[in-house]
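J.: Take a look at the following structure, please.
Any read-out appearing in this document is the output of simple, stated calculations on the displayed coordinates, not a laboratory observation. Small disclaimer: the values here were computed from a predicted structure and weren't measured. Here the Cβ positions follow ideal geometry from the backbone for every residue, glycine too, while neighbour counts run over all protein chains shown.
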Amino acid sequence: MSLSRLSFACAALLLPFAVHAAEPEKPATDKPAEEKFTAEQINAATFDGAEIKADARSALAIKVQVLLDGQDFSPGVIDGYFGDNVTKALAAYEETHGLQADGKLDKETWAKLTADTAPVFATYTITDEDLKGPFVAEIPADYAEMAKLKHLSFTGAGEMLAERFHMDIKLMTLLNPDANWGKAGTQILVASLRQRPETGMAAKVTVSRGTASLKALGADGKLLAFFPVTVGSDALPSPTGTHKVKVVVHNPDYSYRPDVNFKQGENSKNMQIPPGPNGPVGTVWIGLDKPTYGIHGTAEPSPIGKHFSHGCARLTNWDAETLARMVETGVTVAFED
């Protein structure tokens, strides 16, 4: 379904999109070397009771992120840090399982998480199919330049695979510093994603501005899934009150209307921006009955839950796709403080 007749109030961060590199960025040689992890280290990581530092990557944080992701308590992008998104997801996981919901890892929570004993990291071999694309050399920051493209595709196999395995592109590069992203047969280290649980359909969705989180709830009020979310700022707020899902669209294009929504750069004319994972609303648009507002994906997964949007609720593309499978038209969406 094309969205050429629909317009959205929201899209990028308050700053324009950054230009994407054609493959994962190589670490600068003048930066301090970061710790490198092997699959064996990550899989063997265990909780010893010590506090996990939020400002440094660790094998244990990576393992916790993969385990939470696999149960629909999303940490957002898997980046190796035990940050706010992990803390929020862990607290939701603990609450659902009758544990102390403080977002801190303890032996009870660790025991519950690691009941899943399958490896959390494994090797993946890049295939010829992975390299077919279509890819684009770069994604321009300016909407007028975006509108000239046929599709806002991934910029290369590295970016595509990072998103497929829910990983931050920097962590992907750190774990695979010598990978040839353009060669079939190259083996890379990736998150071993779980088979998502059969959670059923959501009867209600709540979006919390205070905690920058989104919950999908069943008809009985049970929490089915938890996601970090980017919400609107004070200047460009998200909706208030209760609304309904009006439409769910996969691979949406984007109608830019500066007189109705917001002005990007010097672009003062209406334009149609093509679809794609690097498009302004990512790979999914869940439109609400409040015109121009919705829940959608993003081209930039790392800042989810950490910055502001132009008013909509923004998820990683993979979390938006999970939510899209759980909702249908008429489902209630409540925005809470």
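J.: Taking the stretch 270-290, which residues are in contact (Cβ under 8 Å) with a residue 24 or more places away in the chain and either farther than 24 Å from Glu145 by Cβ or over 18 Å from the mean Cα position of the chain (by Cα) (or both)? Before you say what the answer is, go through the steps one by one.
T.: Taking the stretch 270-290 first, the residues in contact (Cβ under 8 Å) with a residue 24 or more places away in the chain are 271-290.
Listed by number, the residues that qualify are Met271, Gln272, Ile273, Pro274, Ile286, Gly287, Leu288, Asp289, Lys290.
J.: It is to be established whether one or more residues within the stretch 181-192 are under 18 Å from the mean Cα position of the chain (by Cα) and either free of Cβ contacts under 8 Å to residues at least 60 places away in the same chain or surrounded by fewer than 21 Cβ atoms within 10 Å (Cβ to Cβ) (or both). Before you say what the answer is, go through the steps one by one.
T.: Our first condition is that a residue be under 18 Å from the mean Cα position of the chain (by Cα); within the stretch 181-192, this holds for 190-192.
Then keep just the ones that are either free of Cβ contacts under 8 Å to residues at least 60 places away in the same chain or surrounded by fewer than 21 Cβ atoms within 10 Å (Cβ to Cβ) (or both); that gives 192.
Yes - at least one qualifying residue is present in the stretch 181-192.
J.: While we're looking at this one, here's another question. Tell me which residues, restricted to the stretch 219-232, are buried (at least 16 other Cβ atoms within 10 Å of the Cβ) and assigned to a loop (DSSP other than H, G, I, E, B). Show your work before the answer.
T.: Looking only at the stretch 219-232, we keep the residues that are buried (at least 16 other Cβ atoms within 10 Å of the Cβ), and these are 223-232.
Scanning the stretch 219-232 gives a single hit, Val229.
J.: Please name all residue pairs, on different chains or six or more residues apart, with Cβ atoms under 6 Å, provided the first residue is in the stretch 118-145 and is among the polar types (S, T, N, Q) and the second residue is in a loop (DSSP other than H, G, I, E, B).
T.: Every condition considered, the pairs that remain are Thr127/Ala184.
J.: Would you mention how many residues in the stretch 72-111 are out of contact with any Lys or Arg (no Cβ under 8 Å at 6 or more places or on another chain), surrounded by 17 or more Cβ atoms within 10 Å (Cβ to Cβ) and free of Cβ contacts under 8 Å to residues at least 24 places away in the same chain?
T.: Here the count works out to 3.
J.: Mind listing just one residue for me: the one in the stretch 55-71 that is over 17 Å from Glu108 (Cα atoms) and in contact with a Gly (Cβ under 7 Å, 6 or more places away or on another chain) and, of those, surrounded by the most Cβ atoms within 10 Å (Cβ to Cβ)?
T.: The qualifying residue surrounded by the most Cβ atoms within 10 Å (Cβ to Cβ) is Ile62.
J.: Now a separate question. Identify all residues within the stretch 206-215 that are within 16 Å of the chain's Cα centre (by Cα) and outside any loop (DSSP other than H, G, I, E, B); write none if there are none.
T.: Across the stretch 206-215, the qualifying residues are Val207, Ser213, Leu214, Lys215.
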